[in-house]
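Chemist: Below is the structure I would like to discuss, written out as structure tokens.
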Amino acid sequence: MMASTVVGASAADGSPATRTESTPHIVSAAEYAEQGGADPQSMAPVGEVSPAEGGSVWELADLLAKTTGLNLMQAPAVAEYEKVGQTLTFSLGDENAVRPLNITRVTVDGDVPSSVLASDGDTTQASTLPSGSQLFTAAGNDGVRVSTLTMDGQLTLWEAPALSAQDTYSSEDMVRWATTVDERNVRASHSPAPGFAPAAKPQCQLIHSKAPFLHGGSLRIQADALMRCDQKGKGNFEASLRQYQGLGIWKTKDVRGYTNTQGQTFPLLLHYQCSRLTISGWIYREDIGNATLRNSNGYWGDHNISSNTATIHCA
């Protein structure tokens, strides 16, 4: 059930900021279907995830880091989706712990179904910010998700997956961060530039599942990843198993991290237990986020690597 609370909204000149029928809205899944909205699952990924470039991308990344007080754990990523276009993703967290905060930015030209912004059973709340943007909060077993949708269709989703009670960022903090970023209204777009890869002394190899898979005869969706280096050093390796919600938005179902101050091999095993009651046909992929190794000889790093997608039926 969605609880709606509308607060006073005003434009820059002091007049009320009013959403019109042509303005994109966050609506219920039923209302979205009645309007004949495209199936979010049909908005499939196109091509590979790659590092995002451009001054506006890094301006937004800097704003996100300063607003939250967290570190950017990997370079911003850009991906392409059918019927949606490009999305930007930013991954933030604590330097010495796997407490991911994933932020996705996408521009929409129509209404957004709340089903892609929340999980079944979540406690949700909707409100309107002074800027006129909609604010939508969802909290439940999967973690906390806070979304803002501007009147011109800029959707920003903040996701804090639930790893354990002490690892989850609070709804209050996330709403405050999302509101601050909405007020700043920094627009960002991917602007490709000639690549530059700095030389690095240590060399590492990333090995991962071609795509997530259903393990044996069980109902466990699984993917594995390994960072193997030719030298020992302080290594950080993080990967996640993600489920596609549609509209270019992914939900984290599992995330694992491995840190070793004198490591050379960093293995990870990701898994998610689905059930026969789970809706069949979800799309899954494995994402490798922070992969770095430092020692006295230099630095090696890689990021924004995704496996192929797999449609998995739990029934």
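Chemist: Please work out how many pairs of lysine residues in the chain are eight or more positions apart (or on different chains) and have Cα atoms closer than 22 angstrom.
Modeler: Lysine pairs meeting the criterion: 5.
Chemist: Of the options TRP300, LEU241, GLY153, report the single residue whose Cα projects farthest towards the positive end of the charge dipole of the chain (beta-carbon charges: Lys, Arg +1; Asp, Glu -1).
Modeler: Of TRP300, LEU241, GLY153, it is TRP300.
Chemist: Rounded to the nearest percent, how much of the accessible area of the range 24-70 (1.4 Å probe, protein heavy atoms only) is carbon and sulfur?
Modeler: 54
Chemist: So, one more: Based solely on its DSSP helices, what 222 nm [θ] is calculated for the chain when runs of n ≥ 4 H residues each add -39,500 (n - 2.57) and the sum is averaged over all residues, nearest 500 deg cm²/dmol?
Modeler: Details: 3 runs with 34 residues, N = 315.
My calculation for the chain gives -3500 deg cm²/dmol from helical runs alone.
Chemist: Rounded to the nearest 10 degrees, what's the angle between the helix 55-68 long axis and the longest principal axis of the chain, both from Cα atoms, 0 to 90?
Modeler: Result, in degrees: 90.
Chemist: Calculated from the structure, semi-axes √(5λ) of the Cα gyration tensor in Å equals which of (i) 27, 23, 21; (ii) 33, 24, 18; (iii) 46, 23, 17?
Modeler: Only one option fits the structure, namely (ii).
Chemist: Considering only protein heavy atoms, with the full assembly of protein chains and a 1.4 angstrom probe, order PHE213, PHE136 by accessible area, largest first.
Modeler: PHE213, PHE136
Chemist: With a probe of 1.4 Å, find how much accessible area the chain has per residue, and write the answer as a whole number in Å².
Modeler: Details: 14770 Å² over 315 residues.
Roughly 47 Å² per residue, with all protein chains present.
Chemist: Give the long-range amide H neighbours of GLY143: residues separated by 5 or more places, or on another chain, with amide H under 5 Å away, using H modelled in the peptide plane at 1.01 Å from N.
Modeler: Amide H neighbours of GLY143: ALA162.
Chemist: Using a simple charge model, +1 on the beta-carbon of Lys and Arg, -1 on the beta-carbon of Asp and Glu, nothing else, what dipole does the chain show about its Cα centre, in debye to the nearest 20?
Modeler: Charge dipole, the chain, about its Cα centre: 1020 debye, nearest 20.
Chemist: Tell me, what ³J(HN,Hα) does each residue in the range 247-254 have, in order and in whole Hz, if you take phi through Karplus 6.51 cos²θ - 1.76 cosθ + 1.60 with θ = phi - 60° and put x for Gly and Pro?
Modeler: 6, x, 10, 10, 10, 7, 9, 7
Chemist: Compare TYR32, TYR244 by solvent-accessible area with a 1.4 Å probe and give them largest first, with all protein chains kept in place.
Modeler: TYR32, TYR244
Chemist: Moving on to the next point. Within the chain, which is the longest segment containing none of the trypsin sites (Lys or Arg not before Pro) that sit in a DSSP loop and have at most 13 other Cβ atoms within 10 Å?
Modeler: Longest run free of exposed loop sites: 1-186.
Chemist: Going by amide H atoms built from the backbone, whose H comes under 5 Å of the H on GLY54, apart from near neighbours?
Modeler: Hits under the 5 Å cutoff: SER191.
Chemist: Sort the range 224-315 into rounded, prolate or oblate with this rule: let a ≥ b ≥ c be the square roots of the eigenvalues of the Cα gyration tensor; rounded if a/c is under 1.5, and if a/c is not under 1.5, prolate when a/b is larger than b/c, oblate otherwise.
Modeler: Because a/c hits 1.5 or more and a/b exceeds b/c, the range 224-315 counts as prolate.
Chemist: In addition: Rounded to the nearest 10 degrees, what's the angle between the helix 171-184 long axis and the longest principal axis of the chain, both from Cα atoms, 0 to 90?
Modeler: Around 70 degrees separate the two axes.
Chemist: Going from most exposed to least, what order do SER296, SER240 have by accessible area with a 1.4 Å probe?
Modeler: Details: SER296 120, SER240 10 Å².
Ranking SER296, SER240 by accessible area, largest first, yields SER296, SER240.
Chemist: If contacts are Cα pairs under 8 angstrom and at least 6 residues apart, what is the relative contact order of the chain in percent?
Modeler: 17
The values are calculated or read from the model by the stated rules, or taken from the named source; none is laboratory data. Please read these numbers as outputs of a predicted model, since none were measured by experiment. Please note: Cβ atoms are built from the backbone with ideal geometry, for glycine as well, and neighbour counts cover all protein chains shown. What goes into the accessible areas is simple: the full protein's heavy atoms, side chains included, and nothing from ligands, DNA or RNA. Shrake-Rupley method; radii C 1.70, N 1.55, O 1.52, S 1.80 Å.
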